[in-house]
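A short write-up of the structure that comes next.
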Amino acid sequence: MKMEIEEVGNCETQPLPLLSLNHVSLLCKSVWESMRFYEDVLGFVPIKRPSSFNFTGAWFYNYGVGIHLIENPLIDEFDTCVNEFRPINPKDNHISFQCTDVELVKKRLEERGMRYVTAVVEEGGAKVDQVFFHDPDGYMIELCNCENIPIIPISSCSLKPRGQSFKKTAPYKCGFMENVMMESLSTDMINFSF
């Protein structure tokens, strides 16, 4: 199988016609060990992968997303995140899956003797419970009840110019970063108009 990569220099202003996340591809030391994890712990189902691939791997699907495993037994522990004693850091790169029962997730991880870390995010009275843990290759996985916090476009946050005060008209309270982003957007819009 030959893959060609074409680099494009110009970005168009219109968004791409993206539909959804299709799959996440992960390198692993042992496809068999990772297969057991994604099937037994996370409930992914093995699916057929193209027979033209000349390397060991496996494809899984569930919850509207695919996981593609690619075996690389030469992964060096210093070059990747492979280390079972590596601290579980919720601020590290991770893949997150929404779930309906965080307590059941914790029970299942405990039954398998897996280490995990929990966190809670609160916003406007809503609470999200998070559970973070590693897969066999050290990739961080998060399971959470993220549907508890609504998705609010930054554009719904009102702009409060510095040094001035006026009544906020947005239905949701926006945080510091949202206000910084709105201020940056308004500055950019002023710059475009000249």
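Within the stretch 113-153, the set of residues being under 15 Å from the mean Cα position of the chain (by Cα), of a type in the set (A, V, I, L, M) and under 13 Å from Ile88 (Cα atoms) comprises Val131, Met140, Ile141.
Summed over the stretch 36-51, the residues that are open to solvent by less than 70 Å² (accessible area, probe 1.4 Å) and either over 18 Å from Val131 (Cβ atoms) or among the small types (Gly, Ala, Ser) (or both) give a count of 4. The number of residues in the stretch 81-136 being in contact (Cβ under 8 Å) with a residue 24 or more places away in the chain, of a type in the set (Gly, Ala, Ser) and open to solvent by 70 Å² or more (accessible area, probe 1.4 Å) comes to 1.
The values are calculated or read from the model by the stated rules, or taken from the named source; none is laboratory data. Everything numeric in this text was worked out from a predicted model, so none of it was measured. Every residue, glycine among them, receives a Cβ derived from its backbone with ideal geometry; neighbour counts consider all protein chains shown. Just the protein is used for accessible areas: all its heavy atoms, side chains included, with ligands, DNA and RNA removed. Shrake-Rupley method; radii C 1.70, N 1.55, O 1.52, S 1.80 Å.
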